[in-house]
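Working notes, structure below.
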Amino acid sequence: TNTGQTIQQVETQIETATTNLANTNSKIESYNKIRARISDLDTSVEWAAEVCNDMNDIIDAYESVKLQMRKNNIELINAYTNEVFDNLYSSESYHRVLLSKDYSLRLVRNNGDTVSPTLSSGGEAAILNIAVRAGVYRTIIEQNQTSESGLPQFILDEPTTFLDSSHVKELERVIDGVEDWNVNQVVVVSHDDTLIDSADHEYRVRKDSTTDRSICEKKSF
């Protein structure tokens with residue numbers, strides 16, 4: 001009997017040891033997986049740090065280039081913007097546009113005071129919009145004088161909004177001037193037939209009432 005009890009105790013101990021060994025092996029396996037995961041994360045952290053450093057270098061380079069471009073081009077943008085502004089604007093309220101180094105826009109009165117463009121009328125805002133866009137575009141042209149193929153299209157979307165008939169005629173002259181800047185094409189989107197009628201090519205878009213679809217019709221002059 002004592003021998004039987006001893007054997008049973010030993011078997012119990014063996015079973016317990018086997019269970020403990022299995023648990024220990026499972027913990028070791030989990031630990032190894034955690035170590036592998038930590039290693040992967042460490043690698044990811046190193047990669048992310050390298051990417052972050054590269055991005056910081058790119059940002060620093062961008063800021064440097066931006067500052068240099070701002071320094072080099074701000075005078076050109078101001079000059080070309082005011083050239084178009086003078087051609088379009090005939091009121092006595094403002095005599096020029098001022099584009100600051102931080103690219104903020106101000107309108108300059110005859111007495112030298114500056115005001116925000118938000119205080120201008122709808123027509124003045126439209127003229128300012130056209131002038132600034134043309135000024136920036138012409139500055140880009142100055143940076144690409146060696147381009148034989150010309151620059152991409154210069155697009156004006158509803159440029160006659162808030163403009164009276166006299167300003168629309170002046171706008172036609174500005175567009176003619178833009179065409180001499182080695183621009184491939186000037187695209188004007190407008191409901192104003194006065195401006196559209198002077199185009200080399202005309203596309204009219206209308207809605208087909210039967211299909212509820214838009215139809216584009218080309219008209220060449």
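Ranking Tyr103, Tyr31, Tyr89 by solvent-accessible area of protein heavy atoms (1.4 Å probe, all protein chains present), from largest to smallest, gives Tyr31, Tyr103, Tyr89.
Across the chain, the relative contact order, built from alpha-carbon pairs under 8 Å that are at least six residues apart, equals 13 percent. The listed residues Trp47, Trp181, once ranked by accessible area (1.4 Å probe) with the largest placed first, stand as Trp47, Trp181.
Extension gain, Arg173 to Gln13, is 47.3 nm, computed as 0.36 nm per intervening residue step minus the present C-alpha separation. Using 0.36 nm per residue and subtracting the Cα-Cα separation, the extra length available between Ile155 and Thr24 on full extension is 39.9 nm.
Taking Cα atoms, how many degrees apart are the long axis of helix 2-88 and the longest axis of the chain, rounded to 10 and kept between 0 and 90? Helix 2-88 and the main axis of the chain meet at about 10 degrees.
For the chain, the longest piece that avoids every one of the GluC sites (Glu not before Pro) found in DSSP loops with at most 12 other C-beta atoms within 10 Å covers 1-91. Sorting Phe154, Phe162 by solvent-accessible area of protein heavy atoms yields Phe162, Phe154, largest first, with a 1.4 Å probe. For the chain, adding -39500 (n - 2.57) for each run of n ≥ 4 DSSP H residues and dividing by the number of residues yields -21000 deg cm²/dmol at 222 nm. Which value, in Å² and to the nearest 10, is the accessible area of Val115 when all protein chains are kept and the probe is 1.4 Å? Surface accessible to solvent at Val115 totals approximately 20 Å².
Of all DSSP beta bridges confined to the chain, the antiparallel ones make up roughly 75%. The structure shown yields mean projected area of the Cα convex hull in nm², and of the options (i) 16.3; (ii) 20.7; (iii) 28.8 that calculated value carries the label (iii).
The values are calculated or read from the model by the stated rules, or taken from the named source; none is laboratory data. Quick caveat: nothing in here was measured; it's all calculated off a predicted structure. Don't worry about glycine lacking a Cβ; one is built from the backbone with ideal geometry, like all the others, and counts go over all protein chains shown. Surface accessibility is based on the protein's heavy atoms, side chains included, excluding ligands, DNA and RNA. Shrake-Rupley method; radii C 1.70, N 1.55, O 1.52, S 1.80 Å.
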